[in-house]
1. Restricting to segment 11-41, count the residues that are under 22 Å from Thr88 (Cα atoms) and touching a residue at least 24 places away in the same chain (Cβ under 8 Å).
2. Please determine whether any residue of segment 81-93 is charged (D, E, K, R) and over 13 Å from the mean Cα position of the chain (by Cα).
3. Name the helices (runs of 4 or more DSSP H) wholly within segment 1-119 that hold at least 1 residues that are out of contact with any Gly (no Cβ under 7 Å at 6 or more places or on another chain) and modelled with pLDDT of 85 or more?
Amino acid sequence: MAAGAAAHLIGGGSLSLVGVVAGVAVLLGPVWLATGRERGWVVIAGLQVAGQQVVHVLLELITGEHGTPLPHDVMLYGHVAAAALIATWLRCGERHLWAAARRAARSMAAWGRWVLRLGGRAPHTFPVVAAVATEAPRGCSGAVLRHVVARRGPPLLA
């Protein structure tokens, strides 16, 4: 919503509280449906372009401003550039978030195995272990010690 509102202002339009609230309300549905699993850059960029167009049209309809002083090609390139930039930021953030969730699941699984060992039960009875992915995200971080830090922790009891 912020990108669409900023582009509307840069393009010479004005904002109203009703338009901003309506834009947020309209975008919450598709955003909510897109959550729940990791998405690729193309899907995120497509949702960004679609969301910007919806907000653009909605703000024009609510404020009564039809047409902008900017040529349509400039507006199109601006929307595509903004969508590509925001999609890149969101994809990097999403990779880090899902990697953190996987690390947390592995940590909880290791903790669960440790607790089960203390209770005298076999570690294979803890069901979360098989469902955890072990892939770390590629790109976006550049951290040299990322894999070393992720594997730290107290040693397991033998």
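The values are calculated or read from the model by the stated rules, or taken from the named source; none is laboratory data. Since we're looking at a predicted model, the values are computed, not measured. Using ideal geometry, Cβ is built from the backbone for each residue, glycine included, and neighbour counts are taken over all protein chains shown.
1. The qualifying residues number 5.
2. No, because not a single residue in segment 81-93 is charged (D, E, K, R) and over 13 Å from the mean Cα position of the chain (by Cα).
3. The helices (runs of 4 or more DSSP H) meeting that bar are 17-34, 41-63, 72-118.
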